[in-house]
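Engineer: Let me begin by handing over the structure; questions about it come next.
The values are calculated or read from the model by the stated rules, or taken from the named source; none is laboratory data. If you're wondering where the values come from, they're calculated on a predicted model, not measured in any experiment. Here the Cβ positions follow ideal geometry from the backbone for every residue, glycine too, while neighbour counts run over all protein chains shown. Keep in mind that these areas ignore ligands, DNA and RNA; they rest on the heavy atoms of the full protein, side chains included. Shrake-Rupley method; radii C 1.70, N 1.55, O 1.52, S 1.80 Å.
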Amino acid sequence: MGREVAFRGDAALPSRRIYEALEARDVKYAIRIPANESLERDIAELLPHPVGRPSQKPLVEYNGFSTGRRVGKRRDGWWPSGASCGGAVPRVGFMVTNLTLPSRAVVRFYNKRGTAEQWIKEGKQAVKMTRLSCHRFRSNEVRLWLSLIAYNLGNLWRRLVLPRRIAHWSLTSLQQRLVKTGGRLVKHARYYWLLLAESHLTRRLFGAMVARIESLPLPAG
């Protein structure tokens, strides 16, 4: 639809068919691949302990080479000061990509996969988006859309309304601590009293959220 699409995949996905399908559709990708003797042989000169005084911090190196397709490499090695064994064995990870970014940027792009997985996990737990037990496909599609709408509304609430000290709460925490709060509405002749159980949802917290809602700009028209 005229949009650029990028794909990230873990080490369970490497396949020539997947690479070819993505390339045929002009999709940029970065896919983790398991280490093997051939790949380790190609980077053998990069594995020895660096010359000089041991570092106080982990040493991270990025590199890339081509084996028909571009393969990126990240090496993590930690040599603490005073180590007498000659240094720790470095941890090496590989991925195949068709991105033209520097190797460090490719690794950063791939690492965002974990953030996306956390969003999916949050949707499963908070709004039960995978609870699709209907017999008809269209019915399950409607249930999934309703779950996604609920997730987006909850995410907007979290981003625009929550005070800073609880802005990091997950949607599950918001449900259990704020939404599912016992309350009672008392009607009088001229006004209503909304009485809420003050546990996590304190009066100050509730007032801060109401103030933020009032400060949101109204849609034009």
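Engineer: Cβ under 15 Å from residue 183's Cβ, residue 183 left aside: what net charge do those residues give with Lys, Arg +1 and Asp, Glu -1? Before the final figure, lay out each step's value.
Structural biologist: Values: positive: 177, 180, 184, 187, 203; negative: 198.
Taking every other residue near residue 183 into account, the sum is +4.
Engineer: Of 62, 192, 29, which has the most accessible area and how do the rest follow, probe 1.4 Å?
Structural biologist: Output order, biggest surface exposure first: 192, 62, 29.
Engineer: Applying the Karplus parametrisation 6.51 cos²θ - 1.76 cosθ + 1.60 with θ = phi - 60° to the phi angles of the stretch 204-219, what ³J(HN,Hα) value in whole Hz is obtained for each residue in order, glycine and proline being reported as x?
Structural biologist: Those phi angles translate into 5, 5, 5, x, 5, 5, 4, 5, 5, 5, 5, 7, 5, x, 7, x Hz.
Engineer: Ok, one more. Round to the nearest 0.05 the FRET efficiency obtained for residue 101 and residue 17 when R0 = 22 Å and r is the Cβ-Cβ distance.
Structural biologist: Working: r = 24 Å, r/R0 = 1.11.
Result of the calculation: an efficiency of 0.35.
Engineer: Taking H as built 1.01 Å from N, whose amide H comes closer than 5 Å to the amide H of residue 91, not counting residues under 5 places away?
Structural biologist: It is 76, 77, by chain and number.
Engineer: Output the peptides 33-43, 92-102 sorted from most to least packed, where packing is the average of other Cβ atoms within 10 Å over each peptide's residues. Intermediate results must be reported in sequence, preceding the final value.
Structural biologist: On the way: 33-43: 12.3, 92-102: 17.5.
Output ranking for 33-43, 92-102: 92-102, 33-43.
Engineer: Can you compute the FRET efficiency between residue 172 and residue 198 using 1/(1 + (r/R0)^6), with r the Cβ-Cβ distance and R0 = 30 Å? Round to the nearest 0.05. Write out the running numbers ahead of the final one.
Structural biologist: Details: r = 21 Å, r/R0 = 0.70.
It comes out at approximately 0.90.
Engineer: Under a Cβ-Cβ cut-off of 14 Å, what is the net charge of the residues other than residue 140 that fall near it, where Lys and Arg count +1 and Asp and Glu count -1?
Structural biologist: Taking every other residue near residue 140 into account, the sum is +4.
Engineer: Which residues' amide hydrogens lie under 5 Å from the amide hydrogen of residue 28, considering only partners 5 or more residues apart or on another chain, with H built in the peptide plane?
Structural biologist: So residue 28 has HN proximity to 5, 7.
Engineer: Another question, then. Suppose each label sits 7 Å from its Cα in the direction of the beta carbon; what would the residue 159-residue 60 distance come out to in nanometres?
Structural biologist: 2.6
Engineer: Using the Karplus equation 6.51 cos²θ - 1.76 cosθ + 1.60 (θ = phi - 60°), what ³J(HN,Hα) coupling, rounded to whole Hz, does each residue of the stretch 4-10 give in order, writing x for Gly and Pro?
Structural biologist: Listing the rounded values in order: 7, 10, 10, 10, 10, x, 8 Hz.
Engineer: Express the relative contact order of the stretch 91-221 as a whole percentage, based on alpha carbon pairs under 8 Å and six or more residues apart in sequence.
Structural biologist: Numbers: 72 pairs, mean separation 23.3, N = 131.
Over the stretch 91-221, the number comes to 18 percent.
Engineer: Please compute the modelled spin-label separation between residue 141 and residue 180, points set 7 Å along Cα→Cβ, answer in nm with one decimal.
Structural biologist: With each label point 7 Å from Cα toward Cβ, the separation is 3.2 nm.
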